[in-house]
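*Asks:* I am attaching a structure below and will ask some questions about it afterwards.
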Amino acid sequence: NPETVLHIVGSSNIPTGDNGLVHIYRYTTDALSARVDFKKARGAPSLPTAVISGDYIGELPMYAYQNGAFQLSGSVAFKVGAAPSGNAVPTQFEVYTRLSEGDANPQLIINRSGYVGIGSNVDATSQLQVVASASTVIGEIVKGAASQTANLFENQNSSGTFLSGFTAAGGLLMNISS
């Protein structure tokens, strides 16, 4: 029995690897890709209305079988990130993982400004913002290669001038200018 408009069921005799259940091909001489379109409107098909901030435009949920049913295990989604204006619909990209039942916050958000937030539901206010999930969790670790000789971490200004950083051995570096 189909559960939706399009319902594809595979079995164990379907090969794995490059032979998935669905393939989308596009052969052209241009640079455009094969694609699947997600289109969202409020209202009805005969009278669509504009989306609003917080509406999900498209989502790919992932389910795993556990305890006699398919359980939502994670998803990726595009969401309207602010009030649309004119022809512009500001969006954000969200990645959800499930740590436990009922845990439904995105763990990674790229917001409409291009800022990246990592942590539970972090809407970043800087280019990269990492929020630890608990006081016992390290917020960021930068590991160098075993033979690391270049600085492990650097802060630079917009001209690429070194401001501060850490050497591969963990020494603090500061560019103190007068």
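*Asks:* Carbon-plus-sulfur fraction of the accessible area of the chain, 1.4 Å probe, in percent?
*Replies:* Numbers: 7560 of 13790 Å².
Exposed carbon and sulfur together represent 55 percent of the surface.
*Asks:* Not counting ligands, DNA or RNA, and with a 1.4 Å probe, what is E154's accessible surface area in Å² rounded to the nearest 10?
*Replies:* Its accessible surface works out to 80 Å², give or take rounding.
*Asks:* Treating the beta-carbon of each Lys and Arg as +1 and of each Asp and Glu as -1, no other charges, what is the dipole magnitude of the chain about its Cα centre, to the nearest 20 debye? Each step should come with its number before you reach the end.
*Replies:* On the way: 9 positive and 12 negative charges, 54 e Å.
Magnitude of the dipole: close to 260 debye.
*Asks:* I'd like to know how the stretch 89-178 sits against the 2.2 N^0.38 Å rule of thumb: what's its Cα Rg over that expected value? Walk me through the numbers on the way to the answer.
*Replies:* Details: Rg = 17.1 Å, N = 90, 2.2 N^0.38 = 12.2 Å.
For the stretch 89-178, the normalised Cα radius of gyration comes out at 1.40.
*Asks:* Using a probe radius of 1.4 Å on heavy atoms only, what accessible surface per residue do you get for the stretch 25-178? Whole Å² is fine. Let's see the in-between values first.
*Replies:* Working: 11390 Å² over 154 residues.
Accessible area per residue: 74 Å².
*Asks:* Where does the stretch 74-124 land on Rg(C-alpha)/(2.2 N^0.38 Å)?
*Replies:* On the way: Rg = 11.8 Å, N = 51, 2.2 N^0.38 = 9.8 Å.
This ratio for the stretch 74-124 stands at 1.21.
*Asks:* I need the Kirkwood Rh of the chain: take the reciprocal of the average 1/r across all distinct C-alpha pairs and report it in angstrom. Can you show the working numbers first?
*Replies:* Working: mean 1/r = 0.0470 Å⁻¹.
Hydrodynamic radius (Kirkwood, Cα pairs) of the chain is 21.3 Å.
The values are calculated or read from the model by the stated rules, or taken from the named source; none is laboratory data. Since this is a predicted model, take the numbers as computed values, not measurements. Here Cβ is always computed from backbone atoms with ideal geometry, including for glycine, and neighbour counts include all displayed protein chains. For the accessible areas, the whole protein counts, side chains as well, though only heavy atoms, and no ligand, DNA or RNA atoms are used. Shrake-Rupley method; radii C 1.70, N 1.55, O 1.52, S 1.80 Å.
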